[in-house]
1. Identify the residue in region A:1-18 that is under 24 Å from B:VAL488 (Cα atoms) and touching a residue at least 40 places away in the same chain (Cβ under 8 Å) and, among all such residues, is surrounded by the most Cβ atoms within 10 Å (Cβ to Cβ).
2. In region A:19-40, what residues are open to solvent by 30 Å² or more (accessible area, probe 1.4 Å) and more than 8 Å from chain B (Cβ to nearest Cβ)?
3. Select, from B:LEU154, B:LEU128, B:LEU103, B:LEU150, the only residue that is open to solvent by less than 10 Å² (accessible area, probe 1.4 Å) and farther than 28 Å from B:HIS416 by Cβ.
4. Consider region B:37-72. How many of its residues are more than 15 Å from the ligand (Cβ to nearest atom) and hydrophobic (A, V, I, L, M, F, W, C)?
5. Can you say whether B:SER86 is among the hydroxyl-bearing types (Ser, Thr, Tyr), within 16 Å of the ligand (Cβ to nearest atom) and out of contact with any Ser or Thr (no Cβ under 6 Å at 6 or more places or on another chain), as far as the supplied structure shows?
6. For region B:234-285, give me each residue that is more than 16 Å from the ligand (Cβ to nearest atom), hydrophobic (A, V, I, L, M, F, W, C) and either assigned to a helix (DSSP H, G or I) or closer than 16 Å to B:HIS333 by Cβ (or both).
7. Looking only at region B:308-331, filter to residues that are away from the ligand (no atom under 16 Å from the Cβ) and part of a strand (DSSP E or B); which one of those is nearest to the other protein chains (Cβ to nearest Cβ)?
8. Residue by residue through region B:1-48, note down the ones that are among the β-branched types (Val, Ile, Thr) and assigned to a strand (DSSP E or B).
Amino acid sequence: MIQVNDKKISYVAGMTVADAIEASGATTSAMTIVLVNGKFISLDMLNKTALKDEATIKLLMLISGG
Amino acid sequence: MWSKVIVDMKNQTVKREALEVELQDLGGRALIAQYLIKNVPPDCDPLGSENQLIFCTTIFAGSNLTTANRMSVGGKSPLTGGIKESNVGGYAGALLAEHGVKLIVVKGLPETKGLWQLHFDREGNVSLEDAEGYEGLNNYELVNRIHKSLDNRLATISIGAAGERLYKCASIQVSEFASNHPSRAAARGGLGALMGSKRLKSIIIEKPLNKFTFNYNDKERFNEISKKLNRMVAEGAKNDPFHNIGTIATIEATGANGVLPVDNFSGKLFPKYAEVGSGTFLTNLSNRGGRNKLACQPGCAVQCSNEYRDKSGEYLTSGLEYETIALFGPNCHISDLDAIAMMDRMCDDLGIDTIEAANTMAVCMESGVLNWGDSDGVIKLLKEMTDGTEFGYLLGGGCEAVGKSLGCKRIPTVKHQAIAGYDPRNTKGTGVTYATSPMGADHTAGLTMGRAFEDTGRTAQAYASNKLQVAMCFADCMMCIFAFSHMVPELPLLAELMAAMYGGSSEYARVTGLGVKTLLTERAFNKAAGLTKEDDRLPDFFYNEPSPATGSRFDINDHELDVIFDF
Ligand code: SF4
């Protein structure tokens, strides 16, 4: 099982971060921050970074509020 | 045509007239910059008669583009001594647009004792009224009394006692749509003190009986594009933690990486960061009848706002956000979310910037005035600020004034203003933004977190900062940046929207040019105000002390900071 924000999706062997994001129905843009198990992954590495089962992916926006 | 309202506090006169043609298609940060550079002497005393306080709506105010009814407040900052634009959500922007008003200019200082409120009534008249009966009131009580006195939907823009006392950390509070809580803040740069110097306690904007209709250049085209962009934002929001949780979700991104500030920007990790994170927040909301997914302005598709209740289920605060939680929380070694929510409420009520106030408390801890993690002590000091004790007045002077007075060596300020909730050693592009933004180290000026996070080379950090500063600058002319972030794949459509509303070019360069021109105008203002290259630097300790969490120091050199705006 992979957690993408508040959604859970099934793990498939060989899955990349990009695959998991797509399977969750989420999208990324130049303003998205991607964290896998708490570590930042740059956008150009999403389809080159393989996932292990039970990974947690967080997608956030590059901005915050006060 | 949009109107402007000019309020001269010297004789308490109010004049409404058409806004200059060259300012019609501007809004937000761009309008503030262009107005101030032409009308306010940059070297003036920020609290003197030559400074002007500006309120304005965005380029797309009054339209159906989601979140276009944000409002900007500007003037020469009493805190930084430079130009300031501080933008805010809430209901005021939408109602100003319904009155057909894009710009309010408040100039001069009263020659007689008194306190006033500016009132836009339901018939569309605008006048200054005596508000001496409200003297010394804080925002919640003030807004309550205003609502009791008027039987209509309305928005308020107000200052608490902090603004009246000219605290340099004073904010201007705006009421939220639907709830009317004065919990949205144009917080940064001490603009509440500027409003206090004018003796203007509040602006009341009643919903007008006749809504202003703007004459679009091509309404059909505008609606077509705005519909597309609104759909994108609504779709994006479904997966956006800011919608599903709130901006507190950022703690999850910063807590594990040394980006979250801990113990006065020590660069350490805070193992208990999850205690002030999304899990605790959502549990407390659901157990106590609190709410998230609230819109601070009508028509917002992201709805990042919230209403937080105390343990007994009573309303405590709303719009409890990441910056406040990070800086009153881990940066003061505090992990009690209820205590932080109380601090947020006290700041909103008194009318002070939570970023400045929380950094001030961390400096008090660093200097031994309080123990690390002493949340009761923080609340006591906020009470001193509310009561206006001698030390309370000192605290009102902001983080740098307090740090210097206490002999603190590590004062986290840029351009005399406390920095936002990201450690610049561990997100260096954000450090570049902190150092070089004409606004000082604001949270909205262009964070690069997750872009140039790894030490990818200094040029990459500066490049990321430059691009994001330009983008945030034009976004702040148009809408809430949280909605903007979902429009990024279609940004050229913003130029088409401008053309459909006002005519003129539909080239994307119109939009990016707005960002670049605004930044350069702001820098020109600051230079004429006496700010130098030395003001575009981070405090020494970020260069000299490696972050224990990562070993990283801020190492962008002076030359790289100096050339960042050589477009
Ligand atoms: S996203 Fe949040 S801050 Fe922005 S307009 Fe909506 S509720 Fe307000």
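The values are calculated or read from the model by the stated rules, or taken from the named source; none is laboratory data. Quantities reported herein were computed from a predicted structural model and do not represent experimental measurements. Quick reminder, even Gly has a Cβ in these numbers, built from the backbone with ideal geometry, and neighbours come from all protein chains shown. When the accessible area is computed, the model is the full protein with side chains, heavy atoms only, and any ligands, DNA or RNA have been set aside. Shrake-Rupley method; radii C 1.70, N 1.55, O 1.52, S 1.80 Å.
1. A:VAL17
2. Matches in region A:19-40: A:ASP19, A:GLU22, A:ALA23, A:THR28, A:ASN37.
3. Criteria check complete, one pass: B:LEU154.
4. Residues flagged as more than 15 Å from the ligand (Cβ to nearest atom) and hydrophobic (A, V, I, L, M, F, W, C) within region B:37-72 amount to 9.
5. Yes, satisfied.
6. B:ILE251, B:ALA253, B:LEU260, B:VAL262, B:PHE265, B:LEU269, B:PHE270, B:ALA274, B:VAL276, B:LEU282, listed by residue number.
7. B:LEU316
8. Of everything in region B:1-48, those that are among the β-branched types (Val, Ile, Thr) and assigned to a strand (DSSP E or B) turn out to be B:VAL5, B:ILE6, B:VAL7, B:THR13, B:VAL14.
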